[in-house]
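Trainee: This is the structure, below, for whatever I ask next.
The values are calculated or read from the model by the stated rules, or taken from the named source; none is laboratory data. Small disclaimer: the values here were computed from a predicted structure and weren't measured. Here the Cβ positions follow ideal geometry from the backbone for every residue, glycine too, while neighbour counts run over all protein chains shown. Accessible surface areas use protein heavy atoms only, side chains included; no ligands, DNA or RNA. Shrake-Rupley method; radii C 1.70, N 1.55, O 1.52, S 1.80 Å.
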Amino acid sequence: FDNAELIKDNYSQCYQDMFVLTMHNGKKNGTFIEIGCDDGFFNSNTALLETVFDWTGTSIDISKEKIEKFKTQRKSKTIAEDALKIDFNKVLSESKYDYLQVDCEPASTSFKILEKLPLSRVKFGVITFEHDNYCDSDKSIKIKSRKYLESFGYIMVVNNISEDRYSDFEDWYVHPDIIDKNVIEKMICI
């Protein structure tokens with residue numbers, strides 16, 4: 001993708017940031033919403049986007065301590081609050097964002113947050129959704145989240161992301177109204 005030569009470090013757990021950049025062809029000045037931001041750099045899916053590609057966004061975490069640390073390292077807007085209590089109609093002022101991350105614990109919380117997002121009004125170019133199938137007791141969140149996102153027109157490009165063969169925890173989606181169909185066809189890996 002364009003501007004790949006600018007990358008010196010990668011911060012995400014399983015190259016989510018590289019997937020986002022690939023789908024957007026190395027886009028500069030993109031936008032993100034990060035729900036469950038945790039540390040500003042360790043396992044961060046947005047640190048590379050912000051620091052090298054000049055993306056801006058809003059990073060949300062329930063932990064005030066983590067948000068305070070995050071603010072010392074990063075420029076993006078932060079919200080220290082339980083995402084289940086956030087009015088996302090107020091937070092999501094645009095009709096389109098380049099990237100959405102939903103990564104909260106447990107997986108049922110991530111799904112409830114996903115249901116709170118105004119997906120009928122707001123589209124995201126790329127979504128990484130952590131379903132934590134490996135530790136979801138009834139293995140339902142992965143199936144529910146897939147049906148839910150597909151009902152809003154999202155295409156699952158990569159599924160069952162895992163660091164090993166046993167611990168699948170995440171699926172990656174794109175919206176065909178935002179991401180080039182030729183890129184989707186080249187990248188789809190189900």
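Trainee: Could you give the size of the charge dipole of the chain about its Cα centre, using +1 on the Cβ of each K and R and -1 on the Cβ of each D and E, expressed in debye and rounded to the nearest 20?
Mentor: 560
Trainee: Work out from phi, with θ = phi - 60° and the Karplus expression 6.51 cos²θ - 1.76 cosθ + 1.60, the ³J(HN,Hα) of each residue of the range 121-136, listed in order in whole Hz, and give x for Gly and Pro.
Mentor: Coupling constants for the range 121-136: 10, 10, 10, 10, x, 10, 10, 10, 10, 8, 9, 6, 4, 4, 10, 7 Hz.
Trainee: Normalised by the residues of the range 65-177, what does the relative contact order come to in percent, with Cα pairs under 8 Å and at least six apart?
Mentor: 23
Trainee: Ignoring ligands, DNA and RNA, what percent of the 1.4 Å accessible area of the range 32-190 is carbon and sulfur?
Mentor: Roughly 50 percent, rounded to a whole number.
Trainee: Let me ask something additional. Could you derive backbone 3J(HN,Hα) for the range 72-87 from the dihedral phi with the Karplus parameters 6.51, -1.76 and 1.60 (θ = phi - 60°), listing whole Hz in sequence and x where the residue is Gly or Pro?
Mentor: Those phi angles translate into 7, 10, 10, 9, 5, 4, 10, 9, 9, 7, 5, 4, 5, 9, 7, 8 Hz.
Trainee: Projected onto the charge dipole of the chain (+1 at Lys/Arg Cβ, -1 at Asp/Glu Cβ, origin at the Cα centre), which of PHE129, TRP55, MET18 gives the Cα projection farthest towards the positive end?
Mentor: TRP55
Trainee: Add -39500 (n - 2.57) for each DSSP H run of 4 or more in the chain, then divide by its residues: what number comes out at 222 nm, to the nearest 500 deg cm²/dmol?
Mentor: -8000 deg cm²/dmol
Trainee: Mind listing the long-range amide H neighbours of ASP136? Cut-off is under 5 Å, sequence gap 5 or more, other chains count too, H placed in the peptide plane at 1.01 Å from N.
Mentor: none
Trainee: While we're on this one: Around GLU105, with a cut-off of 9 angstrom between Cβ atoms, what is the net charge of the other residues, counting Lys and Arg +1 and Asp and Glu -1?
Mentor: -3
Trainee: I've got another one for you. How large is the accessible surface per residue of the chain, computed with a 1.4 Å probe and reported in Å² as a whole number?
Mentor: 49
Trainee: Let me ask another. If I take every Cα pair under 8 Å that is 6 or more residues apart in the chain, average their sequence separation and divide by the length, what percent do I get for the relative contact order?
Mentor: Relative contact order here is 17 percent.
Trainee: Around ASN29, with a cut-off of 12 angstrom between Cβ atoms, what is the net charge of the other residues, counting Lys and Arg +1 and Asp and Glu -1?
Mentor: -1
Trainee: On to the next question. Which label belongs to the value computed from this structure, given these candidates for semi-axes √(5λ) of the Cα gyration tensor in Å: (1) 21, 21, 17; (2) 38, 20, 13; (3) 35, 23, 14?
Mentor: After the calculation, the listed value that fits is (1).
Trainee: If packing is taken as the average count of other Cβ atoms within 10 Å, what order do 64-74, 106-116 fall into, highest mean first?
Mentor: So the peptides 64-74, 106-116, ranked by packing, come out 106-116, 64-74.
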